[in-house]
Amino acid sequence: MNGFIHGFAVVSLIWAVASLLIQWFISWGGGRKDHSERSGIPKDGMIYNFTVAMLPSHKETVKLHPMKFAAGIIMHTGAFIAIVSMILLLAFGKLHPIITVPGTIILIISLVAALFLLYRRMTDKLLQTINTPDDVCAIASTTFYIFLAMLLHLDLISSSIFLFYSALFFLYLPLGKLRHALFFFVARADYGRRLGYRGVYPVPQKAEQDK
């Protein structure tokens, strides 16, 4: 493995983590102060928002667009495997077969899902009206990352090629839409905490049954 590329990947990873943490620190605690009287437990609201509230049965968008939701989950799984592959290469210099075999299968499926979502992003008339260059760049760069990870797992490219692109990917990650990799969880924790404070989350069992 090329020493320069290895160092470049490490620096880019540190850059991404540090930049995201700084953005998180700056953004935390903002927004309008909640003057409502506390009637619940914020921690319980956060737990509910990361568990029950994330079930497909609680998401209207899943009911309306099940195929697109499934494709999104599969694509994000592939992106996660690509990132794990980068970390394993940086730490150990190679991938273990116990990761490579199932990872390859998932990456192939994930690539199909990512290509579907990229095609939809580029051709759907409604999405075209709200598309920004960052939207397209985010999904295109992620799709290519999944593609390279698949080639790596199939032993069709060198680890240096994969790590070089990984470094570029992580340089971009905190600068645009891809930072939702962190802020999805930050935002969900924050509004789960707020709704827990107000006693809205967890939703009472009777209310769940009345849906």
Picking from K33, K68, K94, the residue that is farther than 24 Å from I146 by Cα and charged (D, E, K, R) would be K33
Screening I74, I106, I139, I81 for residues that are closer than 21 Å to F8 by Cα, touching a helix residue (DSSP H, G or I) at 6+ places or on another chain (Cβ under 8 Å) and modelled with pLDDT of 95 or more leaves only I81
For segment 1-34, the count of residues that are over 11 Å from Y197 (Cα atoms) and part of a loop (DSSP other than H, G, I, E, B) equals 8
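Condition check ((1) surrounded by fewer than 21 Cβ atoms within 10 Å (Cβ to Cβ); (2) farther than 21 Å from I109 by Cα; (3) among the basic types (K, R)) across all residues:
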| site | (1), (2), (3) |
| --- | --- |
| F147 | yes, no, no |
| D155 | yes, no, no |
| S160 | yes, yes, no |
| L171 | yes, yes, no |
| P174 | yes, yes, no |
| A189 | yes, yes, no |
| G192 | no, yes, no |
| G199 | yes, yes, no |
Among residues of segment 40-71 being part of a loop (DSSP other than H, G, I, E, B) and closer than 20 Å to Y201 by Cα, the residue modelled with the lowest pLDDT is K59
Reported set for segment 51-72 where residues are surrounded by 11 or more Cβ atoms within 10 Å (Cβ to Cβ) and of a type in the set (A, V, I, L, M) is V52, A53, M54, V62, A70, A71
Wholly inside segment 99-207, helices (runs of 4 or more DSSP H) that include 3 or more residues that are among the β-branched types (V, I, T) are 133-153
Scanning segment 110-139 for residues that are over 17 Å from the mean Cα position of the chain (by Cα), open to solvent by less than 90 Å² (accessible area, probe 1.4 Å) and among the β-branched types (V, I, T), the one nearest to L88 (Cα to Cα) turns out to be T132
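The values are calculated or read from the model by the stated rules, or taken from the named source; none is laboratory data. Small disclaimer: the values here were computed from a predicted structure and weren't measured. Virtual Cβ from ideal backbone geometry, glycine too; neighbours counted across all protein chains shown. These accessible areas exclude ligands, DNA and RNA; they are computed on the full protein's heavy atoms, side chains included. Shrake-Rupley method; radii C 1.70, N 1.55, O 1.52, S 1.80 Å.
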